Amino acid sequence: MTISRVVVDLGERSYPVLIGHGAVSEINSVLPKTAKRAVIITQKNINFTVKPDVPCFTVLIGDGEQHKSLQTIEFVSQKFAEFGLTREDVVIGLGGGMVTDVAGYAAASWHRGTAVVHVATSLVGMVDAAIGGKTGVNTGAGKNLIGAFWQPRGVICDLDALSTLPANEMRCGLGEVAKYHFLSGDDLLKLEMPERVARCVKIKAEIVSSDEREGGRRALLNYGHTLGHALERSSDFSLAHGEAVAIGMVFAAHLARVMGRIDQARVDQHYKVIGEVYGLKVKPENKVDRAELIRLMRGDKKAVSGLTFVLDGRSGIETVKDVSEAQLHQAFDAMQLEEK
């Protein structure tokens, strides 16, 4: 049993990400030594278990983005109080990206900062959501607009958990994996799944280590997310995150082409990796409300100066500000996204 170890290097707050089949057996190695008890935050549909060597109390939260809310944080916090969780103890987020976002934010808020460890059970969680310390919940105004940067003490990516996922959840994760093809330029397809996950983790760890609070380079991890988040919200989250990001990356490629940043061959490469290799959707199934999507994209957390996108270019992926609505419509047209 080989377990890979990738360190997110943040000085005194550095932590390991352990990747491999059976990695959950290492859970006690990443718990704070002060912890006398743990609260495990998970969901009813998570068919994976963790058994740390401290007394545990399990809190189940709802499934679905509507439960990624301040009301859920209040519910979880009440359970912390009932169990007597102290600042010296630990919260364990056991699940996919929604669970680790909620667990992380609840831990950051409880006693103004309680340790958290993530056990990622989804591919999205393993290669993205559980790593980097970004936590948060949604509001009517937008996705992940309320939250905190709160780094975990450790992250466990046990690949055995992937066998418990339904096919749509695996596709969701593949959307985030595909993102790393364009961020790194690596041929990830040459790697078996354990090595591919470890490589994605290493890429994200390196970016987070250089820009913890998304002041610059870390924003590149949002490639495909500007339209992706808008599509999620406009579909009332019936479109899964990774699938929305996949469509968002194709749109970003068309937008970069419209702006003269890349050529058609690079756009075609996006279709090949996302559509042919990973078998993901490259456009929404239904006609779209362009005006609504543009309104939602204006509310994206990156949009500090007009419409802001992460786009491909001759120098690689970078953040581009002040994109015009006319350019968006040209990209919509090129992508053949018809209006309702």
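Observations, loosely collected:
- Surrounding net charge for Thr114, when Lys and Arg each add one and Asp and Glu each subtract one, Cβ distance under 14 Å: +4
- Dipole moment magnitude, nearest 20 debye, the chain about Cα centre, only Lys, Arg, Asp, Glu C-beta charged: 520 debye
- Couplings 3J(HN,Hα) for region 198-204, derived from phi with the Karplus relation 6.51 cos²θ - 1.76 cosθ + 1.60 (θ = phi - 60°), are 4, 5, 4, 4, 5, 4, 5 Hz, where x marks Gly and Pro.
- Taking amide H atoms as placed 1.01 Å from N in the peptide plane, the amide H of Val119 lies under 5 Å from those of Gly93, Leu94, Gly95, Ile156, each 5 or more residues away in sequence or on another chain.
- Gyration tensor verdict on region 184-326 (Cα atoms; rounded if a/c is under 1.5, prolate if a/b is larger than b/c, oblate otherwise): rounded
- The Rg/Rh ratio for the chain is 0.96, where Rg is the radius of gyration of the alpha carbons and Rh is the Kirkwood radius.
- Ranking Val8, Val119, Ser324 by Cα position along the charge dipole of the chain, where only Lys, Arg, Asp and Glu carry charges on their C-beta atoms, puts Val8 farthest toward the positive end.
- Region 262-299 and region 4-47: distance between their alpha carbon centers, rounded to Å: 35 Å
- In summary, the lysines within cross-link reach of Lys287, defined as a Cα separation below 17 angstrom excluding same-chain residues under 8 places away, comprise Lys340.
- With both residues required to sit in the chain, DSSP beta bridges show an antiparallel share near 35%.
- Estimated at 0.36 nm per residue, the fully extended path between Gln264 and Asp333 surpasses their Cα-Cα distance by 23.4 nm.
- Cα-based Kirkwood hydrodynamic radius, region 150-220, one decimal, Å: 13.6 Å
- Three-way shape call for region 232-307 based on the alpha-carbon gyration tensor, with the a/c threshold at 1.5: oblate
- Dipole size of region 26-117 about its Cα centre, with +1 on Lys/Arg Cβ and -1 on Asp/Glu Cβ: approximately 200 debye, rounded to the nearest 20.
- Above-threshold pairs, the threshold being 20 Å between Cα atoms, out of Lys179/Lys281; Lys179/Lys204; Lys143/Lys202; Lys179/Lys202: Lys143/Lys202
- Near Gly279: Cβ cut-off under 13 Å, other residues only, Lys/Arg at +1 and Asp/Glu at -1. The net charge is +1.
- Tensor-based shape of region 4-173 (alpha-carbon gyration tensor, a/c under 1.5 rounded, otherwise prolate or oblate): rounded
- Net charge over other residues, Cβ less than 14 angstrom from the Cβ of Val201 (K, R count +1; D, E count -1): -1
- Dipole magnitude of region 223-334 about its Cα centre (Cβ charges: Lys, Arg +1; Asp, Glu -1), debye to nearest 20: 200 debye
- Gain upon complete extension [Asp63, Lys283; 0.36 nm per residue less C-alpha separation]: 76.6 nm
- Estimated 222 nm signal from helices in the chain, with DSSP H stretches of n ≥ 4 weighted -39500 (n - 2.57), rounded to 500: -11000 deg cm²/dmol
- Reduced Cα scattering model of region 204-253, Debye log10 I(q)/I(0), q = 0.14, 0.15, 0.16, 0.23 Å⁻¹: -0.40, -0.45, -0.50, -0.78
- Placing pseudo-labels 7 Å out from each Cα toward the beta carbon at Asn28 and Ser163 gives an inter-label distance of 2.4 nm.
- Here the label points at Thr86 and Ala291, each 7 Å from Cα along the C-beta direction, are separated by 5.9 nm in the simple model.
- Extended-chain gain in nm, criterion 0.36 nm per residue less alpha-carbon gap, Glu12 and Asp236: 76.6 nm
Read-outs: derived from the displayed coordinates by stated rules, not from any lab. Treat the numbers as computed from the prediction; the structure is a model and nothing was measured. So basically every Cβ, Gly included, is an ideal-geometry build from the backbone, and we count neighbours across all protein chains shown.
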